[in-house]
Each structure stands twice: as C-alpha cells, then as structure tokens.
1. Identify the single condition in (1) out of contact with any Gly (no Cβ under 8 Å at 6 or more places or on another chain); (2) within 17 Å of D:TYR245 (Cβ to Cβ); (3) hydrophobic (A, V, I, L, M, F, W, C) that D:LEU49 does not satisfy, given that it satisfies every other one.
2. Within region A:13-29, restricting attention to residues that are outside any loop (DSSP other than H, G, I, E, B) and under 30 Å from C:HIS184 (Cα atoms), which residue is nearest to the other protein chains (Cβ to nearest Cβ)?
3. Scanning for something in contact with a helix residue (DSSP H, G or I) (Cβ under 9 Å, 6 or more places away or on another chain) and touching a residue at least 60 places away in the same chain (Cβ under 8 Å), does region C:89-97 turn up at least one residue?
4. Would you mind finding the one in B:ARG179, B:ARG171 that is basic (Lys, Arg), over 26 Å from D:ARG51 (Cα atoms) and out of contact with any strand residue (DSSP E or B) (no Cβ under 8 Å at 6 or more places or on another chain)?
5. Consider region A:135-163. How many of its residues are buried (at least 24 other Cβ atoms within 10 Å of the Cβ) and more than 27 Å from A:VAL209 (Cα to Cα)?
6. Output the residue which, of all residues in region C:100-128 that are more than 16 Å from the chain's Cα centre (by Cα), more than 14 Å from chain B (Cβ to nearest Cβ) and part of a loop (DSSP other than H, G, I, E, B), is farthest from C:THR28 (Cα to Cα).
7. In region C:208-219, how many are in a loop (DSSP other than H, G, I, E, B) and within 23 Å of C:ASN110 (Cα to Cα)?
Amino acid sequence: MSWTADEMMTVAAARALRGDTRCFVGIGLPSTAANLARRTHAPDLVLVYESGTIGAKPDRLPLSIGDGVLAATADAVVGVPEMFNYWLQPGRIGVGFLGAAQIDRHGNINTTVIGPDYADPRVRLPGAGGAPEIAASCGEVIVIVRQSTRTFVDRVDFVTSVGHGDGPGDRARLGLRGRGPVLVITDLGVLEPDPDDRELTLTRLHPGVTAEQAVAATGWKLRVADTVTTTEAPSEPELTALRALTGAKEHP
Amino acid sequence: MSWTADEMMTVAAARALRGDTRCFVGIGLPSTAANLARRTHAPDLVLVYESGTIGAKPDRLPLSIGDGVLAATADAVVGVPEMFNYWLQPGRIGVGFLGAAQIDRHGNINTTVIGPDYADPRVRLPGAGGAPEIAASCGEVIVIVRQSTRTFVDRVDFVTSVGHGDGPGDRARLGLRGRGPVLVITDLGVLEPDPDDRELTLTRLHPGVTAEQAVAATGWKLRVADTVTTTEAPSEPELTALRALTGAKEHP
Amino acid sequence: MSGRIVPLADAVAELVHDGDTVALEGFTHLIPVAAGHEIIRQGRRGLTLVRMTPDIVYDQLIGAGCAAKLVFSWAGNPGVGSLHRFRDAVQHAWPAPLEIEEHSHAGMANRYVAGASGLPFAVLRGYLGTDLPAHTATIAPITCPFTGETLTAVPALNPDVGIVHAQRADRAGNVQFWGITGVHKEVVLASARSLVTVEEVVDELTPVPGAVVLPGWAVTRVAHVPGGAHPSYAMGYSDRDNDYYQAWDAISRDRGAFTEWLAGVTA
Amino acid sequence: MSGRIVPLADAVAELVHDGDTVALEGFTHLIPVAAGHEIIRQGRRGLTLVRMTPDIVYDQLIGAGCAAKLVFSWAGNPGVGSLHRFRDAVQHAWPAPLEIEEHSHAGMANRYVAGASGLPFAVLRGYLGTDLPAHTATIAPITCPFTGETLTAVPALNPDVGIVHAQRADRAGNVQFWGITGVHKEVVLASARSLVTVEEVVDELTPVPGAVVLPGWAVTRVAHVPGGAHPSYAMGYSDRDNDYYQAWDAISRDRGAFTEWLAGVTA
C-alpha cells in the first residue's frame, strides 16, 4: 500500500506512544495519532482531553475536543478547572501532544501571533489554549507539525509554550516539571533535542526523504545527527486502522 | 402544653429563620431548629450542611452532619472543598448557626481549649471545624447556647470564631464579610449586640425567666436593654412538630 | 419562584447592558449561541466579552460590533481554522478596534474559580517562560510564603453577566447539565448576574449520572430555548452540527457575506 | 492490572511505614475504619495522622499509640461529645505525647486541594481575627498582587499515604463512590501512595448519579473490605451505626476499658 507524507507522520506519532501511558491529546493530528495507537499497539493508552474526559475510548475519531463520544466513553468526566489543576498541573500525564504555527531550534512553540509586533500582528493566531501548561507539566512533549521554513524558524515570534528555552538548564530554572519536547515529528522525519545543548537535531527520515530536503525545509541551519535512521514505512494494518479512523479512501 | 427550656430555645431559634433564607446548619440544636423552621413557618428554607449537601429536605432529624438522608434529599451534593470555597466563602449563605463552649461579651466564640495555656489546656475541646469561616462569611450568625457563667465569659480563652472582635469596626478591619452574630439565643432569653458598641445585651426573656436570672448566668456584668420583651411561648403546633422531629415524649 | 423563568429576549434585555463584561461559556458543549444572537439583535455595544474558547458565536458578536474587548485563551473555529471576524477586528479594527487580554486555558479556568470562590486571585503553575506575561497585565508572580517558590497569580474573573446553556431546568429554576461541563458552574457562580438557557423545562429534575445541579437561587434567570446551543450541542438532546462550523469559515472570511448573515439575524 | 487489588493486610504492610504521614479521610461517610484497625494491628508507630474530623478511628489509633502528631480541624465524637483518647493524649500525654497542628475545615480542605493540584499552598479567606494563626505555624498572610488585599495562605498537604473507603471498584482498580464525597478525591490525589477499601469489586462500574470515579492508575492499591467503614456507613450498602458512636463514649472514657477493647482488635 502506498501512503501520504501526512499518513507517515501520523503513524510515526502513534508509534511514539507506548503501553499504558496517559496522553494529553489535542484535536487534529495528535488526536488521530493517539487514537491510532490505542487501536493498534497500545490498547491501554489512556486518552485525556482538555475538555475534561479521562480515559475516553471513542469508537470513531472525535470531531472536536468536546465531542460527545468522548464524554460518553470516558472513565471519568471532570470540569475544566479540575482537569488543569488536579490532573495536568501535578504531572500525572505522561505525554503531551502539541502542534505549532512556529517552532524554533530549541523547540519553543508559537501559536499566538506571526510578526514582530504583538499589538499589530501580521497574522493573529488562535492563541495559547492549554498548550503552555501542557508543555510545562506533561512528563514529556511530542510535537507534530509539517516541516517548512515558514514554520521551523530560528526564533519564534512569540513564545506561547516553552520547549527548551534558550538551551540546557532553562526548564529547571523556570521550574517546569516535565522534560519538554523529546520528539518533533514532521512529514519529513523526526527531530530530537541534542542531549547536550538541546538544539533540535535531525535524527530520523521518513522513507524516500533526504536530509537535504529536511534541511531545506528548516529556517535555521538544521543540524543532522551522525547517524540518521529511516522510519519504518507504515504497515498495512497501521494504514488500514488509520484510514478506518479518518474515513480516508485508500490512497491512489 | 408545657415545655422545657431547651424546647423554648429551639423554637426561638427556629422562628429566627425566615422565608427562603439559605442557612448553614451544624448538627445538634442548630439542625433541630432549622428543620423545625422548615416544617413550620419557613418551608422554603434552604438547608446547607458542611458535608456538602445543599437544599436537603430530610424527613427525619439527621443524626450526623453527613447523614445519608441529607445526600438523598438534597438539590445538590458537592465536595467539601467546593462547599467552603464556592458556597460559603463568597457570602452565598444568609444565616450561619453556631454553638459555643465559651462566648464573650462581644460574641466571640471558643470551641478550642479551656484554660489560659493552649499548649497545656485545662479542657481540650473539638476545635474549629467550619466555624471560623461560617462566622466570617455568612450574612449573619445566630448562636444557640445554654446560658451559664461557665459559658458566658468576659473574654474567651481562645478566639476560635470572631464575633464582633473588640467592638465596632473590628469585623470590617479584619475584612470579614458578614455582619457577625446578630442573635444569641439561650435557654433563658435572647442577647443582641448593642448597635453602638456591639456588646451583647439582654433584649428578650423567655416566659417565666427574670432578668436577674439571666444576669446571674452571665460571667460579665450583663447589660439589660431598656425594653426587654418576652418571647412568645411555644405554640402547640411548634411543640408537636419539634417533638415529632426529636422523638421526645410529650413533656410531663 | 417561576418568576425566574422568562423569555430569552426579556432575560437579555434585563441582564445585559452596554459596556458590561459578559461571559458566554460552554467548552465545545452547551454553548449559549441563541443568547449571543439575542445580544446582537438587541444591539448591545462596548461589551467586554470573556470566554476561554471564543468560537463562532464570539466571531459573530465581534463582527456585529458588540465588543470593545475580548478576554480569552483560544480563539478559533475548532477543527476548522481561524476566526475571520476576530482576525479582522484585531488586524484591521473592523468593524471596531478590539482590545485583547490573553491568557491560557489554565489561567482562565482558575480566574473563574477565584471568581466563584470570592477570592481576588488564583495561583497556578503557568505562563512561566512564555511571552504572555509581557503582554498581559493580569499575570503576576507570587511567592509561596512557606517554600519561597515563585508561582503565577491571575486575578478573579467576576463578569457582570454569565450565560450558559444547559439541558434542563425545573419550574423553580433549578438547573441541571451533564456531559462535558467545562466551566459552567464557575461562570454562573462568578458572575453578578446569570442566565441559563435550557433545552427543556421539566416538573422534576430526575438524577442523571455525571450531572451538575445548580440551585435556582444561585441563578438569576432561566430561559427555555430548545436548540439554543446550535451549532454546538446538548448531550442527550442534539448533535454537534459540524457542517455549520465548516460553512462558517466561508461566511466569516468575507465582510460582505458576513454582513448578509448578520442581516438575517437582526431581521 | 488486577495486581492493584490486594488483601487489606498486604496493602497496609506495603504502604504504611513507621513515621509516615497518613490521612484516613471520609466526611462522616465512607470512613476507612477497617484500614485504621489494620494499622493498629500492624503496630505502626510515630505516625503523623491527618484528618479533617478525627473521630472514633483516630481516637483508637491515638489510644493505641500509633500517632506522634495530629493535623486536624475538628476532633470529636459527632453528635456524642469528646474524643477521650485524644483528650487524654493532649492533656496527659497518654499513652504518648501528641503534637497537634490545628486548622479550620476550610483550611484543611484547601490544603488537600493544593496538594492534589501540585501547588505548594492554597489561598482562602480564613482564620482572620482568630487565635489559630498564633498557635499554628502553617497559617500565613498573603497579599493579592492585584488588589493589595491580605488573605490567608496554608501549605499543601501531601501525605505519604492517603486512605479512603468507597462503594465499588472494578477489577482494573477503577474506584467509584457517591453520596457525601467529602475530600476523597483530593486526599487520594494529594498523597504519594493511596489505598481505597471498597464494599464490592464488580466487573463493570455502571454509572450512578452523583458518583465520582477515580481511574485505577491514580490509585496505588485497592482492598476488598465489605463493611470496612463501620461504624460509619457506605451509602447504598450500609447504615451508620449510631449506637456504636454512643457506646464508644463509655469505652474511650476509661483507659482500662479502652485497653480491653484494644486487646480485642490486636488479638
């Protein structure tokens, strides 16, 4: 079976979720990936949505973060203040999934404004939502975002959610509990923070993608790891499960 | 029908509750009085118990503050933190009922220790419970307590719950929202804070009680109002309803 | 007690005044859209609109010129994209300039909690290291008096009017809602005045698992507005109209198309 | 997952150690009395016991010599009178001195809330004008950074072990309780380790109005202990044994009668 770059990205993200992890899920690609993981290799994955549903087991892809199917199938439904205060803030959630309008070389994320002037933005984006505290409090963060020079910038115009700040030690200095972004999964490959200086480094490429393509799609001089592995192509069961979820027709 | 001093006290307390007031009720005499009021002249009285039950409509006298009949008949049952934070603290409750081991001339209440030394008390009492914040936040406070020189003291050994502090302006200075104790209902009569200096003053006597008796049962030189009224004796319907609640046999 | 239940138009006329701070809440679920349309119809101006997730109904209120300021944490068309009327107001001051006060979900939720609790502020682990505190005056550091640790304080939200949609009320105005309950309870309790629109008025609120009940005395007005959450939904009564969210994108992108839509609402 | 459900004795042996801070909660309802007796049987010493309303089971633990310190807001035999073992410990250091840390209900509830929220402290309008702050170090003033108003801060409670009783668990250890839920959720979430004793273990937790569900992964151990709340009650399973509360007064008044009672528990 052939597959699209987006499908590869989603499958790679799903595979990053293991066992009975608790996963804080946003709508869109993160939700698709988390639901795919639960249907394939991680049936005990606990899906937590910021709308207050804990342990939702949707039988179809939820169409919004507050889809009725989440409340109807959850182990528990709590109010939004409780979700943030009792469940997210103390670090009970292992993995947070985030998207980004901009992401920089240290994994900091912007979903607020494009342009240098907050008061007079070139593009006004939706804003923070739950992201700053997801980025702060989850055990680790996985970012899913399509790779382009517009999105992968040297410095984000606005820090909505802290990745690794300006480098090593910044998270600890700020008092952030979680380890921050450990994986940035794109349609081209995977970036990981360098263990020493926390700069995002290309460590994996999806099948058929070259390091040059990834470098060209990055707004800073992207560092390439000494050993870059190749993502295993999506398997037939993975693609079947994914397309059953998204309702996508089999690809051409 | 004849009646006891305790019955008179309870009936007087019940009468002090009017209309659709929300009333924060402790177990014992306050609960008896509030339930009596709801069954006689104040059917819309909203009973709120610190165990989290709002609008309980018990068909018998609850035997504890967390009696199952309260949860089973309440409009809403909330957790204890919510009860104190969302319902009591913002001043949503009109009347708070309190008891006292000691009460002083300014209506300050002690339920913590008897004796001058907190660390080595003559008698260790149960402590604060919900009382300090009930006394602070309810629209007004009604105290029900049997009158004796042991209980009515010039200065409480320990301020568990603030009445009128040291006098006028003290509640405002402390930032307490409610008006504090407006009535102290005893087995002898009723004391009210003087409008000017907030000292508890005898304003009413139950039938058959003399001002001298009340003065003798008070540990400070009790001020007697210029006009002292007499409480109307318990009516037959009041006594019948009260005895149905408490299961007391008709008094000899 | 039935005086608490009034027609929607009467409730909005009584409760919502020009210049008020108004919060219409509902986290994806039970959004009081019909009440928002009534505010548009009554031509309210200069409102400070508060909402965690401004979506279609706030895009409509902003485009209609009701708002002077928006207090929020995520302004978008969920699952679809941007709010074009909101963008047009922020980027081009159309139809009027829109001041913004921007928070995170955790911050907004805690601001309502403080408001409902009668406290002037709430404390959270939030915003640390982000650029939000530099642009939002209502975010301040606070030090734990016991550990010396620095955390973040946000001031209470106490809207003049809080509006939510719910499944049911009884004739005394006791309100019941279930499913995703969001910040419904907090916004009603934090607001000086409140309005709950409901799918159904019943003789008795039979218990429902997961349901929250707000006693009538904690609610100012209740209005019977079946379908009043459309295009959002009311669990047990209606489904989310996902097509409408999609369709809104095209309507809202264009000032002309929006103006036409608006004429339909106010006609 | 069924490894989460273990016998009571095993759970207590695993979770409760000498010198631990242990909270047995349950606001009149669902008090984990059987777990308290197991702590007595296992001879734990030097515990800091935490509980809003120390009642019979804490009188027993204190009389048995398990406790070095008590953190509380109301210590009494509800509806009956004093706790005589508690009094004897405070007034006469029998069987051992008992340090106390005394709060109000509002303060204790908020300390658990802070603990469950991963915050070092909570803010409330409380204690102002009372003599409690002079004797309790864990009460401190705090100033609102927005209004300048002075309020009260209390530090988080994060017990080593939190123990509650509940109606049911499923075989995966998800826990469900209803009726008066007190601070059950908060104490479990605030504690480093937790134990829930339950009336019944079922295949599936069918929804119940007013019920709270704690996912199994948020609970350390579950033990099947029918009647484990006696003499308190479990709504839907048992009634409160009011006679026992009355009878305890006589047993606890006298050191000899108490010692005899204790021999019966540890036999």
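1. (2)
2. Per the criteria, the residue is A:ARG22.
3. yes
4. Of B:ARG179, B:ARG171, the one residue that is basic (Lys, Arg), over 26 Å from D:ARG51 (Cα atoms) and out of contact with any strand residue (DSSP E or B) (no Cβ under 8 Å at 6 or more places or on another chain) is B:ARG171.
5. Residues meeting the conditions: 8.
6. So, considering only residues that are more than 16 Å from the chain's Cα centre (by Cα), more than 14 Å from chain B (Cβ to nearest Cβ) and part of a loop (DSSP other than H, G, I, E, B), the one farthest from C:THR28 (Cα to Cα) is C:LEU128.
7. Number of matching residues: 4.
Every residue, every condition in (1) within 14 Å of chain A (Cβ to nearest Cβ); (2) of a type in the set (A, V, I, L, M), yes or no:
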position: D:VAL213; (1), (2): yes, yes
position: D:ALA218; (1), (2): yes, yes
position: D:ARG221; (1), (2): no, no
position: D:PRO226; (1), (2): no, no
position: D:ALA234; (1), (2): no, yes
position: D:TYR244; (1), (2): no, no
position: D:GLU260; (1), (2): no, no
position: D:ALA267; (1), (2): no, yes
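The values are calculated or read from the model by the stated rules, or taken from the named source; none is laboratory data. Please read these numbers as outputs of a predicted model, since none were measured by experiment. Every residue, glycine among them, receives a Cβ derived from its backbone with ideal geometry; neighbour counts consider all protein chains shown.
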